[in-house]
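Visitor: Here it is: the structure, laid out below.
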Amino acid sequence: MAGRPLRVLFVASECAPWVKTGGLADVVAALPPSLAALGLDVRVCLPFYRSIRREVGEAPACATVLGALVREATLPSGIATYLIDAPWLFGRDGGPYQDSEGRDWPDNAQRFGLFARIAATLASDETPLLWRPDLFHGHDWQAGLGPLWLKNGLPGPAPSIMTIHNLAFQGLFAPETVEALRLPPGVYGVEGAEFYGRLSFLKAGLHYADALTTVSPTYAREIQDEAQGCGLHGLLARRRDHLVGIVNGIDDRVWDPATDPLIPARYDRDSLTGKRVNKEAVQRRFDLTIDPTRPLFGMVGRLTWQKGIDLVAEVGDRLAGMGAQLVVLGTGERPLEDALRALAGRHRGAIAVRVGFDEGLAHEIEAGADIFLMPSRFEPCGLNQMYSQRYGTPPLARATGGLADTIRGVDAGSCEGSGFLFAEATGAALWEALVRALASYRDRTCWTRIMRAGMERDFSWAASARRYGALYETLVAHPEISPRMRAHP
Ligand code: ADP
């Protein structure tokens, strides 16, 4: 490898700003430039969806693999991409996984089956490209068949890594799919790509990849247990020496209260007065009583069971009874939206809910709230808790996944830490933490210390990119050796 940078092929179904349905797109957009800053040569392989064609036009084709054209284009970040152009699979209106009515595309197995197989081919001796990667780095189930092909038939395969962004999405298909995709013999079994009688793209990736990562160390441990393992905990526990958790970073240029154009008043840790202006603006926007002394809780995200919205609904009346305020922005499950609306209806001036997706308002809430709520049942990494710490809005969160890894919990009676954590996913435990946070809030000196502790933290991608870089080097040098054992001799 001496003399040239390590080459890594990212294989993913989303990348911001071209195609995004969730946090995966942000990671695939942000991590490659951070790796490039360390001297690595990273390129991203994506399906050539119609939406990407609209962005980049007819990008030049450089090869044909398995009947699809491989086109080349450059992301706004300067990172090069290989776009798999199979118009019969990707040339259609609608989302990457679903049609505009929200129904899964019926040929998703064909779509991502071919995509992953072509990407694997690019990482083998069969590649027609001059740029040959040293590593295949797949993300989530859409890339899962890549490691399967690399380990079963492709000549000169590069070592492979799979990253789990959310174990709950697995890419499960009927057993006939094995035949339809012409998978190599022997791969469809419990020791392979079968998951209780169905073909699992994610399990294929987790079984055949040389190394596995997920987006926080705590989530890496949690998914080895039944409670959060989504049926794959046995496999993950067996492969624990090949599984590492590397926490996601945030885009700290977009999320910076000192420069954020989306908030009414800018501020930093040395001059916090702007935060008061932002609080008043949020109270006004949501028709709450304008009062700087009332503690204001904020929440932004999917309104789902995962996010513990039912727990918030459970404690909402008591929260308003204590004189606190709450604003919520999000969309999600209808019964949870309704529960929050009913709560807001009972406490006008104190609790308000906005159902919808609004980037600007999300920034305003991060900046204007006093405390940010994230009582998630599980959270692979989570981003809002990092944004809120940067914005001097200490998070109050359940100690799970990335929340446990990125928030330094303040103990009762202490002013050390950057947020508030609780253990049990119950209304009672959430309430106990709320009372604890409000006690700290009333002590202004203590509160300012907690705010500043969060604002001083570094959540940039640089540190995590270094960890990925170290993992890549280990794998390329010794693909057979457990990454964890080498990292912790
Ligand atoms: P997840 O990926 O599980 O939905 P994350 O916290 O990792 O949760 O990332 C969600 C991202 O989407 C955050 O940046 C969050 O602010 C943003 N977001 C979610 N819902 C909304 C909304 N209704 N309006 C604006 N931004 C939202």
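Visitor: I need the full set of residues from the range 296-334 which are more than 15 Å from the ligand (Cβ to nearest atom) and aromatic (Phe, Trp, Tyr), in order please.
Guide: If the condition is that a residue be more than 15 Å from the ligand (Cβ to nearest atom) and aromatic (Phe, Trp, Tyr), then PHE297 is the only one that fits.
Visitor: May I pose another question? Could you tell me which of the residues ILE365, ILE371 is under 26 Å from TYR219 (Cβ atoms), surrounded by 24 or more Cβ atoms within 10 Å (Cβ to Cβ) and away from the ligand (no atom under 14 Å from the Cβ)?
Guide: Of the residues listed, the single one that is under 26 Å from TYR219 (Cβ atoms), surrounded by 24 or more Cβ atoms within 10 Å (Cβ to Cβ) and away from the ligand (no atom under 14 Å from the Cβ) is ILE371.
Visitor: Then there is this: I'm trying to understand the selection: among the residues of the range 456-475, which are closer than 29 Å to ARG253 by Cα, open to solvent by 20 Å² or more (accessible area, probe 1.4 Å) and part of a helix (DSSP H, G or I)?
Guide: Those that are closer than 29 Å to ARG253 by Cα, open to solvent by 20 Å² or more (accessible area, probe 1.4 Å) and part of a helix (DSSP H, G or I): ALA462, ALA463, ARG466, ARG467, ALA470, GLU473.
Visitor: What do you reckon, is TYR267 buried (at least 18 other Cβ atoms within 10 Å of the Cβ), under 26 Å from the mean Cα position of the chain (by Cα) and touching a residue at least 24 places away in the same chain (Cβ under 8 Å)?
Guide: Taking the combined requirement at face value, the residue does not satisfy it.
Visitor: If a residue has to be charged (D, E, K, R) and open to solvent by less than 20 Å² (accessible area, probe 1.4 Å) to count, how many in the range 141-151 make the cut?
Guide: Count: 0.
Visitor: Continuing with this model, one more query. Restricting to the range 414-439, give me the number of residues that are in contact with a strand residue (DSSP E or B) (Cβ under 8 Å, 6 or more places away or on another chain), of a type outside the set (Asp, Glu) and either in a helix (DSSP H, G or I) or farther than 19 Å from PRO257 by Cβ (or both).
Guide: Total meeting the criteria: 12.
Visitor: It is to be established whether one or more residues within the range 15-36 are touching a Lys or Arg at 6+ places or on another chain (Cβ under 7 Å) and surrounded by 13 or more Cβ atoms within 10 Å (Cβ to Cβ). So that I can check it myself, show each step before the final result.
Guide: Taking the range 15-36 first, the residues touching a Lys or Arg at 6+ places or on another chain (Cβ under 7 Å) are none.
Among the residues of the range 15-36, not one is touching a Lys or Arg at 6+ places or on another chain (Cβ under 7 Å) and surrounded by 13 or more Cβ atoms within 10 Å (Cβ to Cβ), which makes the answer no.
Visitor: Filter the range 180-204 down to the residues that are out of contact with any Asp or Glu (no Cβ under 8 Å at 6 or more places or on another chain) and open to solvent by 40 Å² or more (accessible area, probe 1.4 Å) and list them by number.
Guide: ALA180, ARG182, PRO185, GLY186, VAL190, GLU191, GLU194, TYR196, ARG198
Visitor: When ARG354 is evaluated against the numbered criteria (1) within 13 Å of the ligand (Cβ to nearest atom); (2) out of contact with any Gly (no Cβ under 6 Å at 6 or more places or on another chain); (3) of a type in the set (D, E, K, R); (4) within 22 Å of ILE450 (Cβ to Cβ), which criterion, by number, is the only one it fails?
Guide: Single failed check for ARG354: (4).
Residue-by-condition table, conditions (1) outside any strand (DSSP E or B); (2) over 29 Å from the mean Cα position of the chain (by Cα); (3) modelled with pLDDT of 95 or more:
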{"site": "LEU235", "(1), (2), (3)": "yes, no, yes"}
{"site": "ILE250", "(1), (2), (3)": "yes, no, no"}
{"site": "LEU262", "(1), (2), (3)": "yes, no, yes"}
{"site": "ASP287", "(1), (2), (3)": "yes, yes, yes"}
{"site": "GLY298", "(1), (2), (3)": "no, no, yes"}
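Visitor: If only one of GLN389, GLN385 is open to solvent by less than 10 Å² (accessible area, probe 1.4 Å), polar (S, T, N, Q) and more than 8 Å from the ligand (Cβ to nearest atom), which one is it?
Guide: GLN389
Visitor: Does ASP405 fit the bill of being within 16 Å of the ligand (Cβ to nearest atom) and surrounded by fewer than 24 Cβ atoms within 10 Å (Cβ to Cβ)?
Guide: Against the criterion (within 16 Å of the ligand (Cβ to nearest atom) and surrounded by fewer than 24 Cβ atoms within 10 Å (Cβ to Cβ)), ASP405 qualifies.
Visitor: Criterion first (under 19 Å from the mean Cα position of the chain (by Cα), of a type in the set (D, E, K, R), open to solvent by less than 30 Å² (accessible area, probe 1.4 Å) and within 12 Å of the ligand (Cβ to nearest atom)) does GLU359 satisfy it?
Guide: No: the conditions fail for GLU359.
Visitor: So for the range 109-131 (the condition being touching a residue at least 12 places away in the same chain (Cβ under 8 Å), more than 14 Å from TYR208 (Cα to Cα), assigned to a loop (DSSP other than H, G, I, E, B) and of a type in the set (Lys, Arg)), does at least one residue qualify?
Guide: No.
Rundown of residues vs (1) on the phi < 0 side of the Ramachandran plot; (2) in contact with a Lys or Arg (Cβ under 9 Å, 6 or more places away or on another chain), yes/no style:
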residue: TRP255; (1), (2): yes, yes
residue: ARG318; (1), (2): yes, no
residue: GLU337; (1), (2): yes, no
residue: GLY349; (1), (2): no, no
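Visitor: While we're on this one: For the list (1) within 28 Å of the chain's Cα centre (by Cα); (2) farther than 19 Å from GLU379 by Cα; (3) touching a residue at least 24 places away in the same chain (Cβ under 8 Å), I need the number of the one condition that ASP317 fails.
Guide: (1)
The values are calculated or read from the model by the stated rules, or taken from the named source; none is laboratory data. What you see is a predicted model, and the numbers here were worked out from it, not measured in a lab. Glycine gets a Cβ as well: all are built from the backbone with ideal geometry, and neighbour counts include every protein chain shown. In case anyone asks, the SASA skips ligands and DNA or RNA and just uses the protein heavy atoms, side chains included. Shrake-Rupley method; radii C 1.70, N 1.55, O 1.52, S 1.80 Å.
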